[in-house]
Amino acid sequence: MMRYRLSYILGFWISLTSLITNAQTATNDNIVLDTAYTWIRPEMNIVQFYQKQSLENFYKSWKKSNSEKVVVVMLGDSHLQNGAYPDQLKRRMHKTLGNGGEGLMFAFSAANTYSNVNFKPAHKGNWIYSKSFMNTLKLPLGVSGMSVRTDKAPASLSFTLKNTPTTVYNTLKIFFKRSPKAFDISLDIDGQTIDVKADTLDKTPYITVQVPDVKQNITLNFVQNRPEQSFFEFYGISLESNANKGAIVHNGGVGAAKYNSVLRQELFEEQLPHFQPDLVIIDFGTNDYLMTDRIESNLENQIKEVIQKVRKAAPQASILLTTAQDLYWR
């Protein structure tokens, strides 16, 4: 079995930068720990795999980051949704490879859930929602693991970045249910308006809009321009640079989600290929044993099914599974 070390900060943060730079030497030279956290054992933080080919495509993508984006998609539960841990990975990859975009964002307020550390969502109008952990799903789910829908215009979804981007974000991908009945969109980018027709001949699960360089605010205003328009079903937006270089991290975290949550995301296999991921990080586990204090006998099969689902949608991607953190209680 081959083992490559990762930098380990406060027991959480994955540094793929260290995975690349330490691939040959496997040293701890880059590990710096606060003396307050002497219980952390960085030598235990490793990536294990049986075949070098498991990461081969990811290494190749990393080396071509000056001419092609390196894309990471993260799937997991609450510690992903709030963004603190994925943000550290994003910052480190941006610093090393360049900033390819903010990545996937969701309308958390319309889904009646907590927000992300990097942006503040807001909404107007009446929205129904589904999240991947719910027993009953009213709406289909994609990569973000959440969906919201309004059946009445006017309505809106807003995203306010908490920090001014360090690079030009001028491409917006809007993932939604393509239908002649979908409302049109009046985009407001920092006060500049762009009208977007939702009903186009393109059958991809999203619309790409070239926008002015985003500084802080994105608002999607939904407009009924024709009598037959009656709804808008929203799966997320991806804010990106149109330059094909650097790194981009898409966060599909859903609080309270389990491994089998991914198996219930019926639009996942349709949407994931359009992200073109080089690496998919599958980071579940805690909620699978949190309340029962035991690992169910069918969990291994569920994990395998999730891997198969990712491989089917993105056969070129490397897949990294993390272990759930130890818990003192439950």
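The values are calculated or read from the model by the stated rules, or taken from the named source; none is laboratory data. Model, not experiment: these values are computed from the prediction. We place every Cβ from the backbone using ideal geometry, glycine too, and count neighbours over all the protein chains shown. Calculation scope for accessible area: heavy atoms of the full protein, side chains included, ligands and nucleic acids excluded. Shrake-Rupley method; radii C 1.70, N 1.55, O 1.52, S 1.80 Å.
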Write out, first by first residue and then by second, each pair whose Cβ atoms fall under 7 Å of each other, whose residues are 6+ apart or on separate chains, and whose first residue, in segment 186-204, is more than 12 Å from ILE174 (Cβ to Cβ) and open to solvent by less than 60 Å² (accessible area, probe 1.4 Å) while the second is assigned to a strand (DSSP E or B) and of a type in the set (Val, Ile, Thr). SER186/THR193; SER186/VAL223; ASP188/THR219; ILE189/ILE218
Among (1) surrounded by fewer than 18 Cβ atoms within 10 Å (Cβ to Cβ); (2) of a type in the set (S, T, N, Q); (3) closer than 22 Å to LEU89 by Cβ; (4) at pLDDT 95 or above, there is one condition THR322 misses while meeting the rest; what is its number? (4)
Which ones in segment 107-140 are open to solvent by 30 Å² or more (accessible area, probe 1.4 Å) and in contact with a helix residue (DSSP H, G or I) (Cβ under 8 Å, 6 or more places away or on another chain)? THR113, TYR114, VAL117, PHE133
If you go through GLN308, GLN325, GLN302, the only one that is farther than 23 Å from SER130 by Cβ and assigned to a helix (DSSP H, G or I) is GLN308
Kindly check whether there is at least one residue in segment 192-200 that is over 18 Å from ALA107 (Cα atoms), at pLDDT 95 or above and among the aliphatic types (A, V, I, L, M). yes
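Let's see how each residue does on (1) without any contact (Cβ under 8 Å) to a residue 40 or more places away in the chain; (2) not small (Gly, Ala, Ser):
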{"residue": "PHE119", "(1), (2)": "no, yes"}
{"residue": "HIS123", "(1), (2)": "yes, yes"}
{"residue": "TYR129", "(1), (2)": "yes, yes"}
{"residue": "PHE133", "(1), (2)": "no, yes"}
{"residue": "LEU137", "(1), (2)": "no, yes"}
{"residue": "VAL143", "(1), (2)": "no, yes"}
{"residue": "SER147", "(1), (2)": "no, no"}
{"residue": "LYS152", "(1), (2)": "yes, yes"}
{"residue": "SER158", "(1), (2)": "no, no"}
Take the residues in segment 50-92 that are loosely packed, with under 15 Cβ neighbours inside 10 Å and under 17 Å from the mean Cα position of the chain (by Cα); name whichever of them is modelled with the highest pLDDT. ARG91
Could you tell me whether VAL143 is under 22 Å from the mean Cα position of the chain (by Cα), part of a loop (DSSP other than H, G, I, E, B) and surrounded by fewer than 23 Cβ atoms within 10 Å (Cβ to Cβ)? no
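Run down ILE295, ILE303 and say which single residue is of a type in the set (Val, Ile, Thr) and open to solvent by 80 Å² or more (accessible area, probe 1.4 Å). Reasoning before the result, please.
Working: ILE303 fails: open to solvent by 80 Å² or more (accessible area, probe 1.4 Å).
After ruling out the rest, the residue left standing is ILE295.
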